[in-house]
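What follows is a short report on a single structure.
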Amino acid sequence: MNDAPLLSVRGLTLDIPTSGGTLHAVRGIDFDLNRGETLCIVGESGSGKSLTSLALMGLLAPKIRRTAVRMTFDGTDLQKASRRQLRQLRGDRMSMIFQEPMTSLNPAYTIGDQLTETLLLHKKVSRAKARARAIELLEKVGITAAESRLSQYPHQLSGGLRQRVMIAMALMCEPELIIADEPTTALDVTIQAQILRLLVDLQREMNMALILITHDLGVVARVADKVAVMYAGELVETGPASAIFRNPAHPYTRGLINCIPVPGRNERGARLGTIPGIVPSLVGEVTGCPFRGRCDQRVAICDTAAPLRRLPDGHEFRCVHPDGHRHEEVTA
Amino acid sequence: MLRFILKRLGLALLVALTVSFISFSLLFLSGDPAIAIAGESANAEDVAAIRALYGFDRPMMVQYGDWLWHALQFDFGVSYYFRLPVADLIAERLSVTMTLGVCGIVFALLIAVPLGVIAAIRPNSLIDRIALFLSVAGQAMPSFWFGLILIVIFAIQLRILPASGADTWQHFIMPTIVLGYYAMPAIMRLTRAGMLEVLSADYIRTARAKGASEGRVLFKHALRNAIIPVVSLAAVQMGFMLGGSIVVESVFALHGAGYLAWESIGRNDLPTVQALILVFALFYIVFTFLADVLNAWLDPRMRSA
Ligand SMILES: Nc1ncnc2c1ncn2[C@@H]1O[C@H](COP(=O)(O)OP(=O)(O)OP(=O)(O)O)[C@@H](O)[C@H]1O
Ligand SMILES: [Mg+2]
């Protein structure tokens, strides 16, 4: 094994032409992911998490413009790779689990057809072998009577089962990277935890790298090696999970972490910490810190600058304040 | 799947029975059939004799049972006008109409489906615009006029195709184009709309995420779902073409069943009209049934319906 990261992204930028002008949906994202590592991307709705993951997979709508300084997967330049090369990576070495389990399976084909398709596309195996692998994985994701499920159609399964099937499908070729985009948001609360647990267990068992996109900081605290906090299209803070939870530097991250209800600390019926204010428009030129409109540490130069600050252990954040807190010297 | 087919078959038979009763009762809705046969100027005794001869004096349900029993054996009585068995008459005319109908729908599908797919893959492209133009033109241009234009160009000016008759396969080229062109716009627009909708579906993204090639995504994953409503439409149009190709049949002097129906109505030839209505209705029923089965095969969700 080499030490180079499995996935390396520098300056990933996504622009969407709209009738009102260019929407700068994602601006200059940097991160690295090693084999077997879990990166959790957190951030509120619309911050660009799904777009980022689709950009990595090469599945963006054609009208969205993608640029990057670097975007490599195990040494392969994802920007220069041919469509054929990308196709060979997708489903085989990197796969994705989507936010919408109800609609992500093709209604016209059986579960078995859809599961085996992934394997048959990438590996030279017989149909019987592919079927056996599908059964094995359905059992792994906790589906009972796996063999009889193969001949069922998506509409015959519940949302939770469909997402399990999606997970099994993503694992068919034992990929090195799995991107799971809010895999449980659309599901019943009672099964959310089960599905996440399952995903993380399988990831450890198969030693895959995982990018888990989620709103749930409780989950992040439990599973993440690295955390990337996204706000309005920028990564405002990244670093090892332990460092970020111990010492959240960016005011937005601090706000998020204060939102986690802690038994005993919050009084019953007390309001959870929420961050007031609205997200800036990303249409047209975006300058300064995107969070300044909601930030209680705001100073005048936040309108024009949000420099990158480096803390020990690869912990980074973007803020005019060297430690994320306003001190009198800065405002002066 | 088998249960679904049986259920639909039962339903189809029920509809067929209802239709047969309606087409039978037409005989009585259009006045006294005995007078129709004898002619307006016939005297009362002649009418009474005819009434007894054809059994019009029996209770209606008995007559219906009798008629249905014979119809089931392809005996629709004798044409008042031709004095020939209606069944033979229809069989001869129907072969022309069926050939025309099948050619027409195949032609329409062969043009409309690929055009609709391409238009959906490249919306607002040149091909999309051409397809839109063709479909608007197809909708706006009356069949008889389009038929006449083709006759003027290919039969009169270039002299490469026969203008009328049904003797060789060349005779069917122009009628097929006219009839197919009539059915094309709706099929094309439905294919395009279906493809556009399906291509933005989440499961298409899943197929791409698996590493499926663009062709596989389009044809295996998208078209299979987009074509479902097109199948129903094509079935209805096929039924329509078999019964309603009267205009095309008269322009090209193809003496098919549609033309026969039109003539027979004018001649008050009730057994023929009755039988034709039943046959056309049965075509509709058969095609809807086939479309249902095909749809259920394409879309598993329908099988439980
Ligand atoms: N195809 C598109 N056309 C125009 N705007 C888009 C498109 N896709 C995404 N956007 C915009 O880009 C921004 C980021 O979207 P994205 O789906 O990545 O958010 P997200 O972080 O995944 O949110 P959520 O948590 O709700 O899934 C949003 O403001 C969204 O409106
Ligand atoms: Mg999302």
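All of the numbers you see were taken from the coordinates with simple rules; none came from a lab. Keep in mind the model is a prediction, meaning the values are calculated, not measured. Neighbour counts are summed over all protein chains in view; Cβ atoms, including those assigned to glycine, are modelled from backbone coordinates with ideal geometry.
Structure values in brief
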{"read-out": "Cα→Cβ-extended label distance, 7 Å offset, between B:Asp202 and B:Arg267, nm", "value": "6.3"}
{"read-out": "Cα long-axis angle, helix B:257-266 against chain B (0 to 90 degrees, to the nearest 10)", "value": "40"}
{"read-out": "Helix A:159-171 axis, angle to chain A major axis (alpha carbon atoms, nearest 10°)", "value": "80"}
{"read-out": "Fewest-first sequence of B:Val86, A:Val125 by Cβ atoms within 10 Å of each Cβ", "value": "A:Val125, B:Val86"}
{"read-out": "Highest-first arrangement of B:266-275, B:173-182, where packing means the average Cβ count within 10 Å", "value": "B:173-182, B:266-275"}
{"read-out": "For B:Lys220, A:Lys123, A:Lys80, order by how many other beta-carbon atoms lie within 10 Å, fewest first", "value": "A:Lys80, A:Lys123, B:Lys220"}
{"read-out": "Net length gained if the chain between A:Thr185 and A:His327 were fully extended (0.36 nm per residue, minus Cα distance)", "value": "47.2 nm"}
{"read-out": "Relative contact order of chain A, pairs being alpha-carbon contacts under 8 Å that are 6 or more residues apart, as %", "value": "20"}
{"read-out": "B:Val78 long-range amide H proximity, modeled H, under 5 Å", "value": "B:Val86"}
{"read-out": "Low-density loop positions, trypsin sites (Lys or Arg not before Pro), the range A:124-157 - DSSP coil, at most 16 other Cβ in 10 Å", "value": "A:Lys124"}
{"read-out": "Between the range B:267-286 and the range A:2-65, the Cα center-to-center distance that results, in Å", "value": "65"}
{"read-out": "Separation of alpha-carbon centers, the range A:150-207 and the range B:1-43, rounded to whole Å", "value": "57"}
{"read-out": "Proxy reagent accessibility, fewest Cβ within 10 Å first, across B:Phe280, B:Phe144, B:Phe107, B:Phe252", "value": "B:Phe144, B:Phe107, B:Phe280, B:Phe252"}
{"read-out": "Euclidean distance between Cα centres, the range A:214-264 to the range A:97-145, Å", "value": "34"}
{"read-out": "Radius ratio Rg over Rh of the protein assembly as shown, counting only Cα atoms, Kirkwood formula for Rh", "value": "1.16"}
{"read-out": "Partner chain coverage, peptide A:99-109 - average Cβ within 10 angstrom", "value": "6"}
{"read-out": "Rel. contact order, % - alpha carbon contacts under 8 angstrom, at least six apart, chain B", "value": "26"}
{"read-out": "Segment B:Phe144-B:Ile35, length gained on full extension (0.36 nm per residue, minus Cα span)", "value": "35.6 nm"}
{"read-out": "Sites matching trypsin sites (Lys or Arg not before Pro) across the range B:92-188 that sit in DSSP coil, with at most 14 neighbouring C-beta atoms within 10 Å", "value": "B:Arg159"}
{"read-out": "Gaussian network model of chain B, Cα within-10 Å springs - most flexible of B:Phe76, B:Phe240, B:Phe28", "value": "B:Phe28"}
{"read-out": "Options B:Leu72, B:Ile37, B:Met61, ranked by Cα towards positive dipole end of the range B:31-73, top entry (Cβ charges)", "value": "B:Leu72"}
